[in-house]
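K.L.:
Would you mind keeping the following structure in view while I ask a few things?
Taken together, the values in this text are just the output of simple stated rules run on the coordinates, not laboratory data. Note that this is a predicted model, so its numbers are computed, not measured. Here the Cβ positions follow ideal geometry from the backbone for every residue, glycine too, while neighbour counts run over all protein chains shown.
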Amino acid sequence: MTTTTIVKAPSTSAPPAPAAAAAPAGGVATGAKIRVHALRYNPQEPGSVPHMQTYELEQTEGMTLFIALSEIRETLDPTLQFDFVCRAGICGSCAMMVNGRPTLACRTLTRDVGPDITLAPLPVFELIGDLSVNTGRWMRGTSERLEAWLHGDPQARDICRIEEPMEPELAEKLNELDRCVECGCCVAACGTARMRPDFVGAVGMAKIARFRLDPRDKRTDDDYYELVGTDDGVFGCMSLLACHDVCPKDLPLQTQIAFLRRKMAGKGWA
Amino acid sequence: MASTSPTIAGAGLAERPRRSRVPARLDLLQSATGLVLALFMWGHMFFVSTILVSKDFMWTVTKMFEGYFIFGRPYPGIVSVIVFGILVLFVAHAFLAVRKLPISFRQWQMYRGHMKVMKHEDTTLWWVQAVTGFMLFFLVTVHLYQMLMHPGLIGPYESADRVWTGRWWPLYLVMLFAVELHGGIGLYRLAVKWGWFERGDADATRATLKKAKWVLTVFFLVLGLATLAAYMKIGYEHADRAGERYVPASVQPGAVQ
Amino acid sequence: MKVVYTDVLVIGGGLAGLRLAIAARRRGHDALILSLVPPKRSHSKAAQGGMQASLGNVIKGQGDNEDVHFEDTVRGSDWGADQEVVRMFVNTAPKAVRELAAWGVPWSRVRKGDRQVVINGQKVTITERDEAHGLVAQRDFGGTKKWRTCYVSDCTGHAMLQAVGDQAIAAAIPVHERTEALALIHDGGRCYGAVVRDLVTGTLSAYLAKATAITTGGAGRLYRVTTNAVICEGIGHAIALETGVAALGNMEAVQFHPTGIFPAGILVTEGCRGDGGLLKDADGHRFMPDYEPEKKELASRDVVSRRMEEHIAKGKGVKSRFGDHLWLDITLLGEQHIRHNLREVYEICHYFMGVDPVKDMIPVRPAQHYTMGGVRTKPSGESPTLKGLFSAGEAACWDMHGFNRLGGNSVAETVVAGMIVGEYVADFCDRAENDVNIPTGVVREFLEREQAKLDRLAQGGGSEDAAKLKARMQEIMTAKVGIFRRGKDLEEAVDELQELLVRSRSIGLRSRAPGPNPELVTAYRTQKMLRLALTVAYGALTRTESRGAHFREDHPRRDDAQWLKRTLATWKSDADTLPTLDYEPLDIRRMELPPGWRGYGAKDYTDHPDTAARQAEVDALKEKHADRFARQRALMPYDHLLPQRLKGRNERIDERFPAAPGGAGDTPESAFAWESE
């Protein structure tokens, strides 16, 4: 963090509308200025060193970090890297550290976190550049390691026939656990994951808890123990619960990890 | 197959060598030893704080542990046995818990940095727990060794002389804070770690637990400070007669050896 | 020259691409998926409300079957759909739901007994059957006769994507994330793969495959106000168009969703209205019954969107500093329902607007939502003109949606098309004559050509700003190629878009940062998107009728006599500024459901001369056959088009198969269990 540069928006009365933001033309300025301090680093560029860069822009009505960053890229700095996909808080692409805490940038209103907003990429994950990290590769690796897919009955059902019934409450409970968007906030917030890169993180444990609850998955606790019964798995969790507190989807991570811990610890003498 | 192909489902789970069950046992033992030690610590605090009631009461409690009221005479060796048990638990707990501590500068730096930017209470509390735990390695060991070797030197004057004339009070003062913080946070963490007391709303339960934790910590700190002050006062007043054993008025001289 | 070989190259990692790859993989072919983003972040995820499949489990779905689903879909399409494809689709959709159930999708389930629902603004108690308890539930959606939309709360696409994505991982299908196909490699009418840019390092490589599938979803970002994710820029469409060989079908057919949150354009599901939500105006008046007395809020999306804009034009919109909007009122559904069945809606309102939909109304206005058009394919999913190129899902014009898609049919199409086209792709790869035998010189030429284009952008010293051109294009599309279209506006749009296209040839970059270079990405995508925008606008200008979502104020009638045909656009040369349009007539004499009134919307249309004769023929055949299966076969046989694995009837509570412990032999004709692999 050696240098800090400041880039200001051109001093026109109405800033140009960021096209990607789909805000109405011009946006309705609120008169307030915000300053976005973003961590800049491009590993692909020889000689690039991590540093903070400050962008100053006019806050518009209902401005989210998605709108602000799009505007920065379109009008101030075309090189700034970040990831947005759904911009509606459902895909999990845009998790970043906003003022020190991981959260989904697309649904963060600038007026709630400004006027000085510090943005940094999620830790733990491989950095692609600036605010963009490779959560996808990490998540795929975790899924492969934990075999996080439904291990159904090898005797497959005939899909022409009526489906297997399931209690409505159970279906709702499964959906509750299935709402994870793999954004990586829980991992970035986890002190254990910061110290130990091999730790599965809450996302991994929540996946196992989800399949364990699903009667369609034919695995037993012995099978699950093989996947998470280690100090890099559920026994590595130090119950800091930052995962639970930052989860943008409000998953019951505390309850699920405790549940999994009880079941797996129970295998110690079983 | 319509649903899942057998080449995919349950891929080879049965063929793999089974994972060791030791981590599960270690995890349980870490929690169990911590729980016992924390509960012991609370009990211990109540016993030593009996000095706040009266010297006689404290003497009575001490003698009770030495088996005086069962055997008709004190056997300080009993205390040594209890102390030894606690020492074993303590060493086991330290051994188990040390697996979680940062073991390199990189890990230490990572956690510190993380804690500072996150400003997340439970994350910071863990750091407090780790630091106090580390301190307790040394403080508790010294204390337990003393108790193991001199189990008979517990009493209103004996303890007060140790605290004051023996200059143990700085150690006890630091240890008081370390133990209460470490144990209080530890018990809270045990509850959330294993999902105890959780009924429906986990967030509400956790908030209540957190509050209870702080109330208990403050209570025991106040109690501990008052107790330590009492011993220091007695020790200060008894300094010129240091080494003299306490004998309650109700007990004939010579009855106690 | 970096070259990657595989059997099936799938471009696009959403539901259609994943399911297609799984199908090919299970048939023993290597599949490799290219994806702009991790697959579970695809826009498939945004499908909230549900997936149509005629299971008929809920009492309000009783009597539903493939025939009803077929008719709803064809009417919804305003007779633009390929009816054989619709038949293939409706017969496979229940199988898809059941397969997904076995893969772990936590479908919302039926609870037996009484429950209170909101229908037409009234609280009504309905009673679910005991035998339906625990089966997959359905909710009401627009344009359907029965409650047919299977759902997982209001995150159906998410749940489906989790399960299908997980199965792709289980099948060890490699996904090259953060890669983008810039051009298809083709020679002599045969597609061999693609030139691909790595969006982390910025380098190009060639991916060669026996079969190449475009499953890149929609092109909503041609518009400024859209519900689509920012990655839905239609690049998959564009690279097919740029071959000059493959055609795009019906690109002028663009759907506008009635309830985009105003002004951000974020979607709130049709499930809100399906579950009983109402549309209200500035006076708090429920206006839809005034326009559509029969289906009210639940007419098809094109109709509801037009009625909303019409109502706003009458001055009944709510004035806001961003412009006019209307209200979506779901407060009458109650907190319990909203918090559980419309949870995403709740979160979106909460986070983006600070609105609590339990108490407050939601500001909405129609926003671009779906691209009915796409890469024209045969029922097998293969391009009729470019061998080895397949397409499925929103990117394709298969064509099951015609000029308007029904809610709940898109996410259903993704998996169904993935299942069907995946089998055809596997068949294609099975044949030895389809081995890749392209000279490396041709591959090198394609790579060099694409590299040269990028170099020209980066170093050509152009002066045009790509972001500005793109913003202008989006503005034009939203203002002039939107819900209501006029010849004059469309002419202006086409003219200015051509101008933008010419200007886009001299785009210059401010930055030459190595790596992904987001500015370069915007630059080359803008060039492609402008061609696509022109294809939409020019197609809309040329089609002088109104059909489905394509509504011409100057030609308000549907004109079957002139326009019962599919637009096919090709881009013949790089120098062109307009696509070449051809038309493919739809044959009424083979239609199971000849054109007529949709049951909602405008009642006047111009009949095709063949319609009456076919209608008489159809009526006679219906008279003759009492059994619905026999009747259907007589009207329009389609069974031969379904892959062997996907043939077979669908069991329902009211259409039970005989108990069959012995297996397939005991089930009715052609209902069978898939053989074990």
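K.L.:
Can you report the principal axis dimensions of segment C:207-317 using only the alpha carbons, biggest first, rounded to whole angstrom?
P.N.:
Principal extents (largest minus smallest coordinate, Cα): 59, 28, 27 Å.
K.L.:
A follow-up question, please. In segment C:246-300, which GluC sites (Glu not before Pro) are in a loop and have at most 15 other Cβ atoms within 10 Å, using DSSP for the loop call? Walk me through the numbers before you get to the answer.
P.N.:
Numbers: sites: C:Glu252, C:Glu270, C:Glu294, C:Glu297; in loops: C:Glu252, C:Glu270, C:Glu294.
Those that pass, being in a loop and sparsely packed, are C:Glu294.
K.L.:
Dimensions of segment C:108-183 along principal axes (Cα, Å, largest first)?
P.N.:
53, 27, 17
K.L.:
Still on this structure: Does a label point 7 Å from the Cα of B:Glu121, set along Cα-to-beta-carbon, have any residues of segment B:173-192 with amide nitrogen under 19 Å, and which are they?
P.N.:
B:180-192
K.L.:
Out of all DSSP beta bridges with both ends in the protein assembly as shown, state the antiparallel percent to the nearest 5.
P.N.:
Numbers: 74 of 109 bridges.
Antiparallel bridges make up about 70 percent of those DSSP assigns within the protein assembly as shown.
K.L.:
Continuing with the same structure: Let me understand segment C:290-409 better: what is its radius of gyration from the alpha carbons, and its Dmax, in angstrom?
P.N.:
18.9, 56
K.L.:
When the distances between all Cα atoms of segment B:53-160 are binned every 10 Å from zero, what whole-number percent does each bin get?
P.N.:
P(r) over segment B:53-160, rounded to whole percents: 13, 31, 23, 18, 13, 3, 0.
K.L.:
Calculated FRET efficiency, A:Ala32 and C:Arg456, Cβ-Cβ r, R0 30 Å, to nearest 0.05?
P.N.:
Values: r = 42 Å, r/R0 = 1.39.
Efficiency computed from Cβ-Cβ geometry: 0.10.
K.L.:
Just want the ordering: C:His285, B:His114, from fewest to most Cβ atoms lying within 10 Å of their own Cβ.
P.N.:
Values: C:His285 13, B:His114 25.
By the 10 Å Cβ count, ascending: C:His285, B:His114.
K.L.:
Using the eigenvalues of the Cα gyration tensor, what equivalent ellipsoid semi-axes result for segment A:90-135 when each is taken as the square root of five times the eigenvalue, whole Å, largest first?
P.N.:
19, 12, 8
K.L.:
Further, regarding this structure: Apply 1/(1 + (r/R0)^6) to the Cβ-Cβ distance of C:Asp290 and C:Gln336, taking R0 = 35 Å, and write down the FRET efficiency to the nearest 0.05.
P.N.:
For C:Asp290 and C:Gln336, the calculated efficiency is 0.70.
K.L.:
Another question, if that's okay. What are the radius of gyration and Dmax of the protein assembly as shown, computed over its Cα atoms and given in Å?
P.N.:
Values for the protein assembly as shown (Cα only, Rg and Dmax): 34.5, 128 Å.
K.L.:
When Lys and Arg each count +1 and Asp and Glu each count -1, what net charge do the other residues less than 14 Å away from B:Arg112, Cβ to Cβ, add up to?
P.N.:
With Lys, Arg at +1 and Asp, Glu at -1, the neighbours total +4.
K.L.:
Along the charge dipole of segment C:198-295, which of C:Tyr223, C:Val200, C:Phe287 sits closest to the positive end, that is, farthest toward it, with unit charges on the beta carbon of Lys, Arg, Asp and Glu (+1, +1, -1, -1)?
P.N.:
My answer, from the dipole projection, is C:Val200.
K.L.:
Suppose we keep just the DSSP beta bridges with both residues in chain A; what percent of those would be antiparallel, to 5? Mind showing how you got there, number by number?
P.N.:
Values: 18 of 27 bridges.
Looking only at bridges with both residues in chain A, the antiparallel portion is about 65 percent.
K.L.:
So what is the 222 nm mean residue ellipticity for chain A from helices alone, if each DSSP H run of at least 4 adds -39500 (n - 2.57) and you divide by all residues, rounding to the nearest 500 deg cm²/dmol? Mind showing how you got there, number by number?
P.N.:
On the way: 10 runs with 82 residues, N = 270.
When only DSSP H runs of four or more count, the value is -8000 deg cm²/dmol.
K.L.:
Exposure proxy check: A:Cys180, A:Cys91 ranked by fewest other beta carbons within 10 Å? Could you put the intermediate results ahead of the total?
P.N.:
Details: A:Cys180 22, A:Cys91 29.
Final ranking by Cβ density, sparse to dense: A:Cys180, A:Cys91.
K.L.:
Principal axis lengths of segment B:23-239 from Cα atoms, whole Å, largest first?
P.N.:
54, 33, 31
K.L.:
Report, in degrees rounded to the nearest 10, the 0 to 90 angle that the Cα long axis of helix B:55-65 makes with the longest principal axis of chain B.
P.N.:
Approximately 60 degrees, to the nearest 10.
K.L.:
Using the Kirkwood formula over every pair of different C-alpha atoms, what hydrodynamic radius in Å results for chain C?
P.N.:
25.3
K.L.:
Just to confirm the filter: which trypsin sites (Lys or Arg not before Pro) across segment C:254-360 are DSSP coil and have at most 10 other Cβ within 10 angstrom of their Cβ? It would help to have the intermediate numbers written out before the result.
P.N.:
Details: sites: C:Arg273, C:Lys280, C:Arg286, C:Lys295, C:Lys296, C:Arg301, C:Arg306, C:Arg307, C:Lys314, C:Lys316, C:Lys319, C:Arg321, C:Arg339, C:Arg343, C:Lys359; in loops: C:Lys295, C:Arg321, C:Lys359.
Taking segment C:254-360 and a limit of 10 other Cβ atoms within 10 Å, the loop trypsin sites (Lys or Arg not before Pro) found are C:Arg321, C:Lys359.
K.L.:
Give the shape of segment C:392-497 as rounded, prolate or oblate, defined through the alpha-carbon gyration tensor: a ≥ b ≥ c are the square roots of its eigenvalues, a/c under 1.5 means rounded, and otherwise the shape is prolate if a/b is larger than b/c and oblate if not.
P.N.:
Numbers: a/c = 3.03, a/b = 1.14, b/c = 2.66.
Oblate, because a/c is 1.5 or more while a/b does not exceed b/c.
K.L.:
What do you get for the angle between helix B:202-237 and the principal long axis of chain B? Use alpha-carbon atoms, 0 to 90 degrees, nearest ten.
P.N.:
20
K.L.:
Evaluate the distance, in nm, between pseudo-label points positioned 7 Å from the Cα of C:His176 and of C:Lys488 along their respective Cα→Cβ axes.
P.N.:
Going from the C:His176 label point to the C:Lys488 one covers 5.1 nm.
K.L.:
Please list the radius of gyration and Dmax for segment C:1-89, considering alpha-carbon atoms only, with Å as the unit.
P.N.:
Cα radius of gyration and Dmax of segment C:1-89 are 17.7, 61 Å respectively.
K.L.:
Please identify the GluC sites (Glu not before Pro) of segment C:400-468 that satisfy two criteria: DSSP loop assignment and at most 11 other Cβ atoms within 10 Å. Which are they?
P.N.:
Values: sites: C:Glu413, C:Glu423, C:Glu433, C:Glu445, C:Glu448, C:Glu450, C:Glu464; in loops: none.
Loop-located and lightly packed - none at all.
K.L.:
With each run of n ≥ 4 DSSP H residues scored as -39500 (n - 2.57), what mean residue ellipticity at 222 nm is computed for chain C after dividing by its residue count and rounding to the nearest 500 deg cm²/dmol? Walk me through the numbers on the way to the answer.
P.N.:
Values: 18 runs with 224 residues, N = 677.
About -10500 deg cm²/dmol.
K.L.:
Could you line up B:Arg112, C:Arg552 from fewest to most neighbouring Cβ atoms inside 10 Å? Spell out each step's value before the answer.
P.N.:
Values: B:Arg112 13, C:Arg552 21.
Least crowded to most crowded, the residues run B:Arg112, C:Arg552.
K.L.:
Starting from the 7 Å offset along Cα-to-Cβ, what nm value, one decimal, do you get for the label separation of B:Arg25 and A:Asp250?
P.N.:
So the label points at B:Arg25 and A:Asp250 sit 4.3 nm apart.
K.L.:
Treating the angle as unsigned and between 0 and 90°, give the value, to the nearest 10°, between the Cα long axis of helix B:22-48 and the longest Cα principal axis of chain B.
P.N.:
It works out to around 30 degrees.
K.L.:
Just to be sure I follow: if Rg is taken over the C-alpha atoms of segment C:36-161 and Rh is the Kirkwood radius over the same atoms, what is Rg/Rh?
P.N.:
Numbers: Rg = 15.2 Å, Rh = 15.4 Å.
Rounded to two decimals, Rg over Rh is 0.99.
K.L.:
If the label point is 7 Å along Cα→Cβ of A:Glu164, which residues in segment A:216-244 have backbone nitrogen under 11 Å from it?
P.N.:
In segment A:216-244, the label zone of A:Glu164 (backbone N under 11 Å from the point 7 Å along Cα→Cβ) covers A:216-219.
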